[in-house]
Amino acid sequence: MSVLAVIYLLMAELSDLVAAIVLATTEWEGIGALLTSRHLLVFALFAVGFLRPDLPPMLRWSCGVYLGVIGLYVLASLGGEAGIGLVVRSAAKLALPAVLVVAGFAALRTARALRRYMVVLVCFGLASMVFGLWERQHTGFWTDFVEYGEYLSTTKDVLSGFRPDVFLPFNFYGYDQSEGLGLARRAAGLVASPLAQGTLLAFCALIGFAGLRTRSPWIGGLVLCLLGYGVYASGTRGALLMLVIALPLFIVLTQANLGRLGRDGVLLALGFAASFQALAAIYGYTVEMEDGSTIGHLWALQDNFLNAGSVLVIGDGLGAAGTLAASANLEITGGLEGAVFSALYQIGGPGALAFLWVYGAVIVLLFRRRQPGPPGEVAAAMVAFAVGASTSLVISDSLMSLSGMAPFWLAAGGVIASVAEPVRRRPDPVEAQGEVGERVA
């Protein structure tokens, strides 16, 4: 099963790049089958995981209710203005966290399987970072060789949000480099998306550090710094915020002695000193709203709150709101810039609460699996990253990004399955009486 998890991971991360290359070089009309195959694999793993008797009840009920609400809205939305393709894609995007965490529970059943998965993931993250640094300087790879904009518009039905001079998504470009702030081109990496690249590398940075911290702390620190720089090169401020929140929290959750605290303090101090100028620049132009993106985020957040009253009970329907509808150039009432708002505006308040139930259940189950030793440290890192990623609930829909968050959701299911939960054993009455007798004597 762990092999299937690794195969799906690579399919989820590489499918857009591979599909675009195949389409550009062969013009094969059946390229959609490559994208569909990854969904078939993960739904098969989900079915296996959901039918397992040892699936924690908290996870079974939360995922079952959430997916049930989505299923009802699929039926209700089939006759609406959104086409069936958009309805299905919107449903799959909303369902992604619940499906993936249960699939990870099915596929990563042992600590050894989880460790192999983590090694492949971190190695992939490093490779994606290196490729991102190269392609950032060679935009012709995307415009001339891959023809990525053509792939997005014809195969994935993305009809808006392109920069006209290069026919690439606007998010391939960051703040004006001539001002010394940000990047003219943002690294998209092997996942072919700067936003997903940033989230992926932030998770890989924390997991790589957590896995190496006990055995080789300085190598772990080097991996953290390299992948942290990859997050910066992607220009994804949301992912950088996730890492900035998650790293200190992880260190707090795993402190065992003063020696480790001192070593971690040195690593954090060195990392902060090395990144201070970049972080200060990002903070400065974000607070001053000098870039075009920040004000757009604020407007979207404001609209989400102002228009939420109309969808508190019943949402607008699948495909009637959210990022996929906006990319299809449809008029929407909200649901942008926030995973919880994407759920709220499509499947209503009950659906949004069900999604928060799933997210909360995952965090609680991961928190319970903290224990001394490397497996427990991975669980603590997962808790810390989940808390850091919770910022995506209101500022982006990264939690529902396949290439960005699939590694996290699969790993979360694996940690829940493979790390033994501490047993709270009831005291034996006979032993208890003996202890009382000894104290009396």
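The values are calculated or read from the model by the stated rules, or taken from the named source; none is laboratory data. Here the structure is a predicted model, which means the values were calculated and not measured. Virtual Cβ from ideal backbone geometry, glycine too; neighbours counted across all protein chains shown. To get the accessible areas, we keep the full protein, side chains included, count just its heavy atoms, and leave off ligands, DNA and RNA. Shrake-Rupley method; radii C 1.70, N 1.55, O 1.52, S 1.80 Å.
Within the stretch 338-373, being open to solvent by 50 Å² or more (accessible area, probe 1.4 Å) and touching a Ser or Thr at 6+ places or on another chain (Cβ under 6 Å) holds for one residue alone: W357.
Among (1) touching a residue at least 60 places away in the same chain (Cβ under 8 Å); (2) crowded, with 24+ Cβ neighbours inside 10 Å; (3) not aliphatic (A, V, I, L, M), where does E377 come up short? Looking at each condition in turn, E377 falls short on (2).
Out of curiosity, is L35 of a type outside the set (S, T, Y) and within 14 Å of S90 (Cα to Cα)? Write out each step before concluding.
Working: of a type outside the set (S, T, Y): yes; within 14 Å of S90 (Cα to Cα): no.
No.
Evaluate the following for T214: is it under 25 Å from G414 (Cβ atoms), in contact with an Asp or Glu (Cβ under 8 Å, 6 or more places away or on another chain) and of a type in the set (V, I, T)? Considered against the rule, which asks whether it is under 25 Å from G414 (Cβ atoms), in contact with an Asp or Glu (Cβ under 8 Å, 6 or more places away or on another chain) and of a type in the set (V, I, T), T214 comes out as yes. Looking only at the stretch 136-151, count every residue that is in a helix (DSSP H, G or I) and either in contact (Cβ under 8 Å) with a residue 40 or more places away in the chain or more than 23 Å from G230 (Cβ to Cβ) (or both) and tell me the total. Number satisfying all stated conditions: 9. One residue is enough: does the stretch 6-13 have a residue meeting the conditions more than 25 Å from R112 (Cβ to Cβ) and assigned to a helix (DSSP H, G or I)? Within the stretch 6-13, none of the residues are more than 25 Å from R112 (Cβ to Cβ) and assigned to a helix (DSSP H, G or I). Of the candidates L126, L121, L59, L40, the single residue that is open to solvent by 30 Å² or more (accessible area, probe 1.4 Å), at pLDDT 95 or above, in a helix (DSSP H, G or I) and out of contact with any His (no Cβ under 8 Å at 6 or more places or on another chain) is L126.
Among what's in the stretch 104-117 and is out of contact with any Pro (no Cβ under 9 Å at 6 or more places or on another chain), open to solvent by 20 Å² or more (accessible area, probe 1.4 Å) and assigned to a helix (DSSP H, G or I), pick the residue that is farthest from D54 (Cα to Cα). Even if it seems obvious, please write down each step before you answer.
Just the residues of the stretch 104-117 that are out of contact with any Pro (no Cβ under 9 Å at 6 or more places or on another chain), to begin with: 104, 106-110, 112-113, 116.
The next check asks that each one be open to solvent by 20 Å² or more (accessible area, probe 1.4 Å); those that pass are 109-110, 112, 116.
Adding the requirement that they be assigned to a helix (DSSP H, G or I) leaves 112, 116.
Details: R112: 19, R116: 23 Å.
Ranking the qualifying residues of the stretch 104-117, first place goes to R116.
Within the option set G49, G68, being exposed (fewer than 15 other Cβ atoms within 10 Å of the Cβ) and of a type outside the set (A, V, I, L, M) holds for one residue only, G68.
Only one of the numbered conditions (1) of a type in the set (D, E); (2) out of contact with any helix residue (DSSP H, G or I) (no Cβ under 8 Å at 6 or more places or on another chain); (3) on the phi > 0 side of the Ramachandran plot is violated by E331, and that is (3). Of all residues in the stretch 346-365, those satisfying the criterion of being small (G, A, S) and at negative phi are G349, G351, A352, A354, G360, A361.
In the set Y173, Y148, which member is modelled with pLDDT under 95, out of contact with any helix residue (DSSP H, G or I) (no Cβ under 7 Å at 6 or more places or on another chain) and crowded, with 18+ Cβ neighbours inside 10 Å?
Numbers: Y148 fails: out of contact with any helix residue (DSSP H, G or I) (no Cβ under 7 Å at 6 or more places or on another chain).
The match here is Y173.
Here's a check for you: in the stretch 9-37, which residue that is free of Cβ contacts under 8 Å to residues at least 12 places away in the same chain and farther than 15 Å from D144 by Cα is least open to solvent (accessible area, probe 1.4 Å)? Before you say what the answer is, go through the steps one by one.
Restricting attention to the stretch 9-37, the residues satisfying the condition of being free of Cβ contacts under 8 Å to residues at least 12 places away in the same chain are 25-30, 33, 36.
Still in the running and farther than 15 Å from D144 by Cα: 28-30, 33, 36.
Numbers: W28: 133, E29: 177, G30: 25, A33: 61, T36: 71 Å².
Filtering first and then ranking leaves G30.
Restricting the stretch 84-103 to residues that are modelled with pLDDT under 95 and β-branched (V, I, T), which is surrounded by the most Cβ atoms within 10 Å (Cβ to Cβ)? Filtering first and then ranking leaves V87. Within the stretch 196-220, count every residue that is under 18 Å from L268 (Cβ atoms) and under 11 Å from the mean Cα position of the chain (by Cα). Residues meeting the conditions: 1.
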